[in-house]
Amino acid sequence: MGPDTFIDLIGVWIAALLTLGVYSSLIKDTFISKLTEAVFVGVSFGMSIVFTYYNGIKPKIEEPLVRYYQNLHVDYATVTNAVTESMAKIADAETVKLSEGDSAVVDNIPGSTVFDTNRFFAVLDSALYKQTLKLQSTNDVAVSLQSAFASSEINLKSKDAVMGALNEYFKSYKTVPTSRHFWVLYIFISVLLGLMFITRFFPKHAWLSRFPMAYTIGIGVGMGTPLSFQSQIMQQVQASFIPMLVRNSGGIDWLATFGNLSLVIGTLTVLYYFFFSFKKEDAASRGATKIGIAYLMIGFGASFAFTIMARVSLLIGRINFLQDEWIQGTYEFFKYLK
Amino acid sequence: MKGFLSKFGSFWKNRYRAIIYIMTFAFVWLALINKKPLDLSVSDATQGALDLVEKMPENHRKKIVEQEELLAKLQKEESQHSSAELSAQIDEAKAYLERLKINSNGVFLVCIDFDAGSDAELGPMAYSSIRHAFSLGIKVLINNGYTVMAQPLSQMIVDSAALGGATMPRPYGFKQAGSDFVFFGFRPNPFQVYLQMGESVLSAYETDYSGKALADMPIMKGIRDIRDIDGIAAYSCNVGTPESWINVAQTKFNIPLVVGMTAVSVSDYFPYLQSGQLCGLITGLRGAAEYEKTVGAPPVANRRMWAQLYTHAFAIGLIIVGNIEYFIKGKRAA
């Protein structure tokens with residue numbers, strides 16, 4: 001799986017050099033290793049902020065607020081006229097390109113057209129909800145719509161479909177139900193609670209951060225506790241009630257019996273080991289404690305082995321990348337160019 | 001001899017770390033040159049995960065038959081004594097049956113909750129299970145849990161399973177986004193999102209990752225809430241995050257659940273397997289290799305198992321040497 005384009009090749013080389021930069025810290029802490037660490041932390045953090053904005057803040061806060069505000073101030077007659085006029089012009093024109101998926105379907109069924117209503121709505125939204133657009137100006141709206149449709153490659157061949165969708169769009173566009181006002185209030189309260197977290201940076205007002213903290217913990221505990229109690233305590237306790245002697249059609253299943261016995265002994269002795277309310281001086285107590293320690297050691301050993309497996313897997317992944325995509329990929333890329 | 005040992009001792013003392021690093025790198029590199037897949041037996045834990053997907057179409061058809069029987073029973077009851085409550089139950093049963101018939105081979109939700117750091121282990125298992133589901137005609141939903149950085153990686157995994165390529169050939173036709181699968185992306189507060197999916201998937205995720213509205217997608221016509229999903233696989237690199245799925249999917253809605261973890265975290269999840277709360281548990285690279293070998297996926301994890309084998313042998317050798325040294329030093333000190 002090597003690089004296909006020159007841009008890919010540059011990406012692979014950057015990734016390979018950064019990988020080597022990180023591994024250089026095994027020899028000694030150098031400027032390169034520090035730089036790669038800083039790049040890693042910076043890129044991860046920067047990207048997670050961007051993703052959180054696009055998946056959380058934008059769809060849940062920014063877009064509803066912008067839409068709400070614009071719906072309050074829009075001159076619907078102006079927008080309707082501009083949209084209808086510009087749509088009629090576009091639908092008549094032959095310059096509109098088809099997207100790849102649409103043309104494939106159109107080719108298969110002669111005379112038919114495919115109309116992507118959602119995409120059409122999205123293009124209308126992006127054209128009408130621009131922060132800088134004056135929705136009262138017919139000309140501005142028409143220009144914005146025409147440029148949005150020209151660059152969208154949306155299939156506008158069917159005039160009926162376009163006009164039908166436009167009517168559907170305006171049905172929801174014109175409506176600002178009362179619940180919308182409450183929704184905006186809810187958004188403001190949520191944002192306010194979120195902003196209160198930032199008061200942690202100002203010691204004088206840090207007490208304000210306790211409110212969102214209490215809210216978050218309260219919600220988490222309220223929703224999580226009943227389910228966690230059920231799944232992590234009740235069902236686990238239930239699963240430890242097992243028969244000490246397992247029978248099958250041929251008599252006693254010795255292997256299963258041994259497994260169940262060791263599970264019960266292990267559970268009891270490990271619990272006993274962590275029981276510190278009295279001194280464990282008699283032989284039986286010390287014996288039980290030793291068995292508990294043995295079980296713990298076996299458990300830690302298994303965890304340690306799994307840890308080695310996981311860490312080695314990461315190393316294998318990187319060396320696999322260096323070998324297949326960097327060295328072999330670069331060789332094959334230039335071989336193909338020749 | 002004594003002089004040689006003392007010289008070797010001082011050489012080793014000063015450079016043992018570098019030597020061990022170089023040898024580990026060398027073992028991994030040499031092992032990766034070997035392209036032959038390692039012959040592995042499939043563990044019960046991985047078999048459980050395989051069975052969930054393998055039996056999904058059959059179980060889904062059973063669900064349809066059961067629902068038809070329930071509907072017939074309710075209609076018979078209504079013919080004897082009708083009531084508003086019974087009518088509502090019939091309407092609900094009819095709507096559910098209709099949804100079941102739309103995605104007739106079942107719906108499988110794959111939660112990709114890891115970033116590039118754990119891709120070496122978890123990437124092959126997520127790819128193999130999506131591919132396995134595609135090969136059986138199962139519809140696949142993909143979402144991200146707690147790891148926001150999982151999004152671009154998930155898109156790559158989904159694309160390679162749906163579209164394939166020269167190095168990742170697939171035994172089925174191209175899979176279409178919106179009809180055969182949908183990638184929801186990441187939403188903040190996953191636990192609340194999972195709970196919301198119990199009410200309505202469309203209210204939890206209004207659009208897919210690329211911003212297209214889900215409501216008009218053909219695949220979503222057969223999915224109203226989490227009960228319309230036949231099985232869930234949660235692949236995670238973080239201890240504690242699959243518990244959200246155990247609490248919501250398994251405990252609250254009783255949906256079969258499989259967990260795939262990195263090897264370092266997997267031991268925490270064996271109690272859930274033993275108690276029957278999980279149908280299967282895929283354990284690190286080894287589990288991924290077992291899965292891909294069984295479903296006939298390209299041997300990505302399997303090829304890496306040679307390196308695991310060599311480095312484990314090397315680690316065991318180091319432990320033995322370390323213990324011998326400890327006992328010799330202990331004797332000297334005594």
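What follows draws every value from the coordinates through simple rules; no lab data is involved. Quick caveat, the model's predicted, so the values are computed rather than measured. When we count neighbours, we look across all protein chains shown, and the Cβ atoms used for this are built from the backbone with ideal geometry, even at glycine.
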Among A:182-194, B:255-267, A:57-69, B:305-317, how do they line up from the highest to the lowest mean number of other beta-carbon atoms within 10 Å?
B:255-267, B:305-317, A:57-69, A:182-194
As I understand it, the value is the acute angle between the Cα axis of helix B:119-135 and the longest principal axis of the Cα atoms of chain B; what does it come to in degrees, rounded to 10?
30 degrees
Can you bin every Cα-Cα distance in chain B into 20 Å intervals starting at zero and give me the percent of pairs per bin, rounded to whole numbers?
27, 47, 19, 6, 1, 0
Sort the range A:181-239 into rounded, prolate or oblate with this rule: let a ≥ b ≥ c be the square roots of the eigenvalues of the Cα gyration tensor; rounded if a/c is under 1.5, and if a/c is not under 1.5, prolate when a/b is larger than b/c, oblate otherwise.
oblate
Charge dipole of chain B built from unit charges on the beta carbon (Lys, Arg +1; Asp, Glu -1), centred at mean Cα; most positive-end Cα among B:I22, B:F327, B:F8 is B:F8
For the range B:224-334, just say rounded, prolate or oblate: build the C-alpha gyration tensor, square-root its eigenvalues into a ≥ b ≥ c, call rounded for a/c under 1.5, and beyond that prolate if a/b exceeds b/c, oblate if not.
oblate
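When ranked by the protection proxy of mean other Cβ atoms within 10 Å per residue, highest first, what sequence do the peptides B:92-104, A:283-295, A:304-316 form? Working shown, then result.
Details: B:92-104: 15.8, A:283-295: 14.3, A:304-316: 19.4.
In decreasing order of mean packing, B:92-104, A:283-295, A:304-316 become A:304-316, B:92-104, A:283-295.
Tell me the chymotrypsin sites (Phe, Trp or Tyr not before Pro) within the range B:151-222 that lie in a loop according to DSSP and have at most 11 other beta-carbon atoms within 10 Å. Walk me through the intermediate numbers first.
On the way: sites: B:Y172, B:F174, B:F181, B:F183, B:F184, B:F186, B:F191, B:Y194, B:Y205, B:Y209; in loops: B:Y172, B:F174, B:F186, B:Y205, B:Y209.
Here the sparse-neighbourhood loop sites are B:F174.
Could you give the dipole magnitude of the range A:254-337 about its Cα centre, charging the beta-carbon of Lys and Arg +1 and that of Asp and Glu -1, in debye to the nearest 20? Could the numbers behind the result be given before it?
Numbers: 7 positive and 5 negative charges, 67 e Å.
So the magnitude is around 320 debye.
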What average count of beta carbons from other chains do you get within 10 Å of the Cβ of residues in B:261-268?
6
If I fit a long axis through the Cα atoms of helix B:56-80 and take the longest principal axis of the Cα atoms of chain B, what angle between them do I get, 0 to 90°, rounded to 10?
30 degrees
Which residues qualify? For B:I282, with a placed amide H closer than 5 Å and at least 5 residues away or on another chain, they are B:V259, B:G260, B:M261
Debye, to nearest 20: dipole size of chain B, +1 on Lys, Arg Cβ, -1 on Asp, Glu Cβ
2180 debye
Provide the gained length on full extension for the span A:T225 to A:A15, in nm with one decimal, where the gain is 0.36 nm per separating residue minus the Cα-Cα distance.
71.3 nm
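Longer than 31 Å from Cα to Cα, which of A:K290/B:K13; A:K28/B:K293; B:K62/B:K252; B:K221/B:K252; B:K35/B:K329; B:K101/B:K175 are they? Say none if no pair is.
Details: A:K290/B:K13 36 Å; A:K28/B:K293 40 Å; B:K62/B:K252 22 Å; B:K221/B:K252 24 Å; B:K35/B:K329 43 Å; B:K101/B:K175 19 Å.
Those over the limit are A:K290/B:K13; A:K28/B:K293; B:K35/B:K329.
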Please compute the contact order of the range A:181-239 in relative form: average sequence separation of alpha-carbon pairs under 8 Å and at least six residues apart, divided by the residue count, as a percent.
20 percent
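Counting alpha carbon pairs within less than 8 Å and at least 6 residues apart, what relative contact order, in whole percent, applies to chain B? It would help to have the intermediate numbers written out before the result.
On the way: 506 pairs, mean separation 78.4, N = 334.
Result for chain B is 23 percent.
Average partner chain C-beta neighbours within 10 Å, per residue of A:315-325? Intermediate values should be presented prior to the final figure.
Values: counts 9, 15, 14, 2, 10, 8, 2, 2, 4, 3, 0.
Average neighbour count from other chains, rounded to a whole number: 6.
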Work out the charge dipole of the protein assembly as shown with +1 on the Cβ of Lys and Arg and -1 on the Cβ of Asp and Glu about the Cα centre, then indicate which of A:L245, B:V259, B:N105 is farthest towards its positive end.
A:L245
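Of the peptides B:211-220, B:292-301, A:258-267, how do they stack up when ordered by the mean number of other Cβ atoms within 10 Å, highest first? List each step's numbers first, then the result.
Numbers: B:211-220: 16.2, B:292-301: 21.1, A:258-267: 14.0.
Going by the mean number of other Cβ atoms within 10 Å, highest first, we get B:292-301, B:211-220, A:258-267.
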Estimated D of the range A:254-337 in µm² per second, where Rh is the Kirkwood radius over Cα pairs and Stokes-Einstein applies at 37 °C, 0.692 mPa s
193 µm²/s
For the range A:6-64, the charge dipole (Cβ of Lys, Arg +1; Cβ of Asp, Glu -1; about the Cα centre) points to a positive end, and the Cα of A:F6, A:V43, A:T30 closest to that extreme belongs to A:T30
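Quick check for me: using +1 on Lys/Arg Cβ and -1 on Asp/Glu Cβ, what's the dipole size of the range A:229-301 about its Cα centre, in debye to the nearest 20? If you can, show how the numbers build up before the last one.
Working: 5 positive and 3 negative charges, 26 e Å.
Value, rounded to 20: 120 debye.
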Strictly greater than 50 Å: what percent of every Cα pair in the protein assembly as shown meets that?
25 percent
Most mobile of B:A249, B:A18, B:A120 per a Gaussian network model of chain B (Cα springs, under 10 Å)?
B:A18
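By its C-alpha gyration tensor, with a ≥ b ≥ c as the square roots of the eigenvalues, how is the range A:209-259 shaped: rounded for a/c under 1.5, else prolate for a/b larger than b/c, else oblate? Before the final figure, lay out the partial values.
Numbers: a/c = 7.70, a/b = 5.56, b/c = 1.38.
In terms of gyration-tensor shape, prolate.
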What is the mean number of Cβ atoms from other protein chains located within 10 Å of the Cβ atom of each residue in peptide A:300-311, rounded to a whole number?
6
